Amino acid sequence: MKTRIRKNNMFRRVKRMSYSAVFLFAVLLAGNASAQSHEKNESERWISPAKTAINVCPGGVAFGFYSANIEHLFGENHGLVLRGDLETIPKTYSDAKIDASGKAMILNYRYHIGGGLNSFYAGAFARYRKIKGDGTLESGDFDFKLPECTVGLNVGKRWIWKSGFTLNFALGYGYAYDELKVNKSSQAAIDAIDVFRDDYAFMNGFLGEFSIGYTF
């Protein structure tokens, strides 16, 4: 029974990751086409003089996810982003009622295709995330740490109004590596954590952003 459940979870994980990869590829193609169109009309496009943008993701607060980032533009095309994430995770991802939270730091390079912060971009990112949690089973309590490193590619678009208000949308995906560390380990605890990993962290290579902020 456990083998069948794990196979089903793995199938769902691969299916969701495949959908994400296809969606990211489609966004990349659309972004490139739009960027080429913008380049043809470069003389008509307003390029923001702003060099720095500070953004937050207000939509994630309702789900216990808090994120903020700052981007600085070097020259006309090269952007460097530093981002921090904090996530509180509901106790609904396993029968062990795992209480968990996560922290992450992301470094993201963006090449702004049209020049200026208010343009389409493509780039690469590196993320370090650590999830810490504890749970309770009939066999006893346990706690664990799940450090994770991810490197990948991303695409996106930033809009800037002349007031300085900015809106940013980005999607990315990469290769993720994690290493589970469990205290008071038992097979039941490992099984419960595996369920948690399959149901919560199934898209650990994914990186997304839909944020608002201010530029200067």
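The values are calculated or read from the model by the stated rules, or taken from the named source; none is laboratory data. Please read these numbers as outputs of a predicted model, since none were measured by experiment. In this analysis, Cβ positions are derived from the backbone assuming ideal geometry, glycine residues included, and neighbour counts consider all displayed protein chains.
Structural remarks
- Residue match in region 107-119 (condition: under 12 Å from the mean Cα position of the chain (by Cα) and surrounded by fewer than 20 Cβ atoms within 10 Å (Cβ to Cβ)): yes
- Strands (runs of 3 or more DSSP E) completely within region 54-150 that count 1 or more residues being farther than 26 Å from TYR177 by Cβ and of a type in the set (Phe, Trp, Tyr): 65-74, 120-137
- When residues of region 178-216 are limited to those that are of a type in the set (Phe, Trp, Tyr) and at pLDDT 90 or above, the one nearest to the chain's Cα centre (by Cα): PHE206
- Complete set of residues in region 162-180 that are out of contact with any helix residue (DSSP H, G or I) (no Cβ under 6 Å at 6 or more places or on another chain) and surrounded by 12 or more Cβ atoms within 10 Å (Cβ to Cβ): GLY164, PHE165, THR166, LEU167, ASN168, PHE169, ALA170, GLY172, GLY174, ALA176, ASP178, LEU180
- Any hit, region 128-142, residues being touching a helix residue (DSSP H, G or I) at 6+ places or on another chain (Cβ under 8 Å), in contact (Cβ under 8 Å) with a residue 24 or more places away in the chain, small (Gly, Ala, Ser) and under 28 Å from TRP159 (Cα atoms): no
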